[in-house]
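Below: one structure, written as structure tokens.
Derivation of every value follows stated rules applied to the coordinates shown; laboratory data play no part. Source: prediction; values computed, not measured. Glycine also receives a Cβ, built like all others from the backbone with ideal geometry; neighbour counts cover every protein chain displayed.
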Amino acid sequence: MARDDLYIVVPSSFRCPILLDVMKSPVSLCTGVTYDRASIQRWLDSGNNTCPATMQVLESKDLILNRNLQRLIQIWLDSVACRQLDAESVRNSVVVPSQNQVKLLVKHLDINCFLSLTKIICFARESEENREFLAKMDRFFSKPLLETNYLSIILLVLQRGNSDSQIETVRLLESIAVNGESKLKIGQKEGLVAELVKSLRKENPRLIEASLSFFIAITMPKHLKTIVIQYRIIPELKYLLSQPNTTTSITEKALTLLEELSICKKGRVEIWHDSVLLGRIAETVLTVSSTRWRYFGVVVICLEIGKRKKQWLVAMG
């Protein structure tokens, strides 16, 4: 039964006629036949002037992106990922790979993307040493994991995976968000930031802490602060600071993130207009001794906001 669950029939129209693989970028020739861009480009660059499937002489070598087919393939890939994620046999059969195996998984990530990501996450979950190994892999930070298809798989794991998988997926995202370009791609992936903001409400301190660490890492660029604020993260941080059972570590990370977001004008304004949040920040900074000096910047902002409000009240008479 387990093997039947994993058996996938690829629609023939999704396969490139040259290599018979699922097309990543389907493009059509003037003959009307669609190929994967990389495959047909290699054919043409080799000096051929015919359509490989029909052998017709090409009147034009222009390649036209088949957007409709591209959308259909993406929908199909997402549905396959959901099906694989739901298959208990896949999760149970994953064996922690070695470092050399992980290098190969990253190198050939486009071959069974979901299972490769599952194994990488399993590897990261095993130990801190493994996570450090991933962090040092140059290729791990390059294009493969930041392509739309792979980010879609990561989003599905966050939405439907178990707690351990979600935690390691968030850590995985943090480890590939190493520069402005990678952070922007992650921030602009539809649904990804929203799902991570939702995780701050889940009853799993480890997941909350991992998500806060991710947001601290990704919000260094100013434009990404604005993106994150748009997804209503500040009210979630207020919620965390208001909970009596919030751990010291989560509290410290929540304050760090608020301090980071306050650098952005939009963040300052939102904090300014929330008197409950201002009260919680001030109270927390004063009661959690380990954060009193470390988050002095937040206190300064609170005092500055209070001073401005006082000046405004005096001016109003």
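By how many nm would the segment from Asp164 to Glu128 lengthen if fully extended, with 0.36 nm per residue of separation less the alpha-carbon distance? Don't skip to the end; give the middle numbers.
Details: separation 36, 0.36 × 36 = 12.96 nm, distance 1.44 nm.
Between Asp164 and Glu128, full extension yields an extra 11.5 nm.
Which order do peptides 182-191, 9-18 fall in by mean Cβ count within 10 Å, highest first? Show your work: numbers first, answer last.
Details: 182-191: 17.1, 9-18: 13.2.
Descending packing order for the listed peptides: 182-191, 9-18.
Is there a quick way to get the dipole size of region 178-236? I mean about its Cα centre, with the Cβ of Lys and Arg at +1 and of Asp and Glu at -1; what is the value in debye to the nearest 20?
Charge dipole, region 178-236, about its Cα centre: 80 debye, nearest 20.
Tell me, Kirkwood radius of region 8-77 from alpha-carbon pair distances, in Å?
Taking every pair of different Cα atoms in region 8-77, averaging 1/r and inverting gives 12.2 Å.
Given a Förster distance of 35 Å, report the FRET efficiency between Asp45 and Leu69 from their Cβ-Cβ distance, rounded to the nearest 0.05.
Values: r = 23 Å, r/R0 = 0.65.
Once rounded, the FRET efficiency stands at 0.95.
Taking neighbour Cβ counts within 10 Å as the exposure measure, how do Tyr35, Tyr231 sort from fewest upward?
The most exposed by this proxy come first: Tyr231, Tyr35.
Points 7 angstrom from Cα along the Cβ direction at Val269 and Glu190: gap in nanometres?
According to this spin-label approximation, the distance is 2.7 nm.
Can you compute the FRET efficiency between His223 and Lys198 using 1/(1 + (r/R0)^6), with r the Cβ-Cβ distance and R0 = 30 Å? Round to the nearest 0.05. Let's see the in-between values first.
Details: r = 22 Å, r/R0 = 0.74.
Plugging the Cβ-Cβ distance into 1/(1 + (r/R0)^6) gives 0.85.
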